[in-house]
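Pasting a structure below so you can have a look.
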Amino acid sequence: MTDLTLGQSPLHAALDFFDDQHPPAGDFLRDVLNGLAATPKTIPPVYFYDAAGSALFDQITGLPEYYVTRTELALLDRIGPELARLAGPGAVVIEPGSGSSVKIRKLLDALDSPAGYVGLDISGEYLTAACEELARDYPDLQVGAICADFTSGLSLDHLPLPQGRRILFFPGSTIGNFEPAAARDLLAGFRQGMREGDAILIGADRVKSPATLEAAYDDAQGVTAAFNLNLVDRINAELNGTLDASRLKHVSVWNADKSRIEMHLEALEPQQFEVAGQVFSLAKGERIHTENSHKFTPESFRALAHSAGFDVLKSWSDPAELFSLHWLEPNVKA
Ligand code: AVI
């Protein structure tokens, strides 16, 4: 293994390299205090994913109303041979925000003798565990891990990667959780780390009936509500908060103007609460905005890709046109 951090990090025997870029930890306290002082009140969705929130998100991916994950998985199965042809032999897959091991395995299994896999995530512990498991299961694959914040761009040039074509894999419609300008900046940041001939395989959820969308984000079993309300538990536990989850309700609404599902926590009655000694109040019906999940048409997605310097070479959808995967390649070289 090449330990690019020269001894600052634990050794990960199964990996070919571990590049710890020491991403700055998000400042939960600062972001919550600023967000609650703003109008409307807001908390960034990145804070959903503590251990309890990540477990709830895993449950969401299996819910009958949440068509996103199963549709994308079925699509990956269907288009596997085409992906193998597009990527060619010996590709190196790079996964920013490395997530579901089921999806990455489907992709690796579909490709023609992939040469490498690099997972990139802000949480080093989770990342290295997932990459090590992959390295053990795919002994012919060179596997590396980068502990970094992928929203600050990709820097890959210093890494001992195999020669093949690089394919960035960004599934799940995570792109939809970014505001349009941030989504463009994110893709443009990816593009800077790419060479001619490299590609992105990206999942993007589609615009569909508001009823289907709202149900996907407000399921009958209340798992998405628990996921949203878990933020309250996290604030109370970690930031000395006094929010009362029983006086808040989970709301999911389709915002047609912005083409996005929004999740909010809505006050059932007027209330005051503290976070880290600061007092806040909510009027009855007032909301704390906790997440945006943008949905795309083929045209709006193509416009986003173009604005970040990519051409959409190929797009695939399931028969019901719920979800799409797109193959992007950098257009004119900078
Ligand atoms: C992670 N992300 C793509 C999910 C989504 O669909 O926007 C997060 C989520 N929020 C509620 N349900 C799922």
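The values are calculated or read from the model by the stated rules, or taken from the named source; none is laboratory data. Since the model is a prediction, treat every value here as computed from it, not as a measurement. For neighbour counting, all protein chains shown are included, and Cβ atoms are generated from backbone atoms with ideal geometry for every residue, glycine included. Calculation scope for accessible area: heavy atoms of the full protein, side chains included, ligands and nucleic acids excluded. Shrake-Rupley method; radii C 1.70, N 1.55, O 1.52, S 1.80 Å.
Can you compute the helix-only [θ] at 222 nm over the chain? Use -39500 (n - 2.57) per DSSP H run of at least 4 residues, normalise by all residues, nearest 500 deg cm²/dmol.
Values: 9 runs with 111 residues, N = 334.
-10500 deg cm²/dmol, from helical runs alone.
Largest first and in whole Å, what are the equivalent-ellipsoid semi-axes of the chain based on the Cα gyration tensor, each being the root of 5 times an eigenvalue?
Numbers: eigenvalues 240, 116, 63 Å².
Result for the chain: semi-axes of 35, 24, 18 Å.
With +1 on each Lys and Arg Cβ and -1 on each Asp and Glu Cβ, how big is the dipole of segment 85-135 about its Cα centre, in debye rounded to the nearest 20?
Working: 4 positive and 7 negative charges, 56 e Å.
So the dipole magnitude of segment 85-135 works out to roughly 260 debye.
Between GLU238 and ARG105, what is the FRET efficiency for a Förster distance of 30 Å, r being their Cβ-Cβ separation, to the nearest 0.05? The partial results should precede the final answer.
Details: r = 34 Å, r/R0 = 1.12.
The calculated FRET efficiency here is 0.35.
Ok, one more. Give me the percent relative contact order of the chain, please, defined on Cα pairs under 8 angstrom at least 6 residues apart. Mind showing how you got there, number by number?
Numbers: 648 pairs, mean separation 63.9, N = 334.
For the chain, the relative contact order is 19 percent.
For segment 258-334 and segment 147-164, what is the separation of their Cα centres, given in Å?
Each part reduced to its Cα centre gives a spacing of 26 Å.
Express as a percent, rounded to the nearest 5, the fraction of DSSP beta bridges in the chain (both residues included) that run antiparallel. The partial results should precede the final answer.
Numbers: 33 of 60 bridges.
Beta bridges within the chain, antiparallel portion: roughly 55 percent.
Using a simple charge model, +1 on the beta-carbon of Lys and Arg, -1 on the beta-carbon of Asp and Glu, nothing else, what dipole does the chain show about its Cα centre, in debye to the nearest 20? Kindly include the intermediate steps, with their values, before the conclusion.
Working: 27 positive and 46 negative charges, 165 e Å.
The dipole magnitude comes to about 800 debye.
What share of all Cα pairs of segment 270-334, in percent, falls into each consecutive 5 Å distance bin?
4, 13, 16, 13, 9, 7, 6, 7, 12, 10, 3, 0
Over the chain, with a Gaussian network built from C-alpha contacts below 10 Å, which listed residue (SER307, SER54, SER259) shows the highest mean-square fluctuation?
Judging by the Gaussian network model, the answer is SER54.
Are there any trypsin sites (Lys or Arg not before Pro) in segment 232-334 that are in a DSSP loop and have at most 12 other Cβ atoms within 10 Å? List them by number. Working shown, then result.
Details: sites: ARG234, ARG247, LYS249, LYS258, ARG260, LYS284, ARG287, LYS295, ARG302, LYS314, LYS333; in loops: LYS258, LYS284, LYS295, LYS333.
Those satisfying the criteria are LYS284, LYS333.
Return the FRET efficiency for the residue pair SER300, LYS249: r is the Cβ-Cβ distance, R0 is 30 Å, and the value is rounded to the nearest 0.05.
Numbers: r = 31 Å, r/R0 = 1.02.
That pair, SER300 with LYS249, gives E of 0.45.
Cα to Cα, under 30 Å, and not fewer than 8 places away if on the same chain: which lysines meet these conditions relative to LYS249?
Of all the lysines, those that pass the test against LYS249 - Cα under 30 Å, at least 8 places apart if same chain - are LYS41, LYS208, LYS258, LYS284, LYS295.
In addition: With every protein chain present, what is the per residue accessible area of segment 1-137 (1.4 Å probe, Å²)? Can you show the working numbers first?
Details: 6320 Å² over 137 residues.
Solvent-accessible surface per residue comes out at 46 Å².
Between ASP50 and GLU266, 0.36 nm times their residue separation minus their Cα-Cα distance comes to what?
On the way: separation 216, 0.36 × 216 = 77.76 nm, distance 2.17 nm.
Between ASP50 and GLU266, full extension yields an extra 75.6 nm.
ASP140 to ALA14: extension gain in nm, 0.36 nm per residue of separation minus the Cα-Cα distance?
Working: separation 126, 0.36 × 126 = 45.36 nm, distance 1.19 nm.
Gain on stretching ASP140 to ALA14: 44.2 nm.
Taking the Cα centre of the chain as the origin and placing charges on Cβ (Lys, Arg +1; Asp, Glu -1), which of LEU141, ALA91, LEU313 is farthest toward the positive end of the dipole?
The Cα lying farthest towards the positive end belongs to LEU313.
According to a simple spin-label model (label point 7 Å from Cα along Cα-to-Cβ), what is the distance in nm between SER259 and SER209?
Those two pseudo-labels are separated by 2.1 nm.
How big is the charge dipole of segment 222-331 about its Cα centre, in debye rounded to the nearest 20, if each Lys and Arg gets +1 on its Cβ and each Asp and Glu gets -1 on its Cβ? If you can, show how the numbers build up before the last one.
Details: 10 positive and 15 negative charges, 21 e Å.
Charge dipole, segment 222-331, about its Cα centre: 100 debye, nearest 20.
Then there's this: If you roll a 1.4 Å probe over the chain with all protein chains in place, what percent of the accessible area is carbon or sulfur?
52 percent
Here's a follow-up. Per residue, how much accessible area does segment 200-279 show when a 1.4 Å probe rolls over the protein heavy atoms, in square angstrom? Show your work: numbers first, answer last.
On the way: 3300 Å² over 80 residues.
Here the per-residue accessible area is 41 Å².
Can you tell me the 0 to 90 degree angle between the C-alpha axis of helix 51-60 and the longest principal axis of the chain, rounded to 10?
Taking Cα atoms only, the helix is inclined about 80 degrees.
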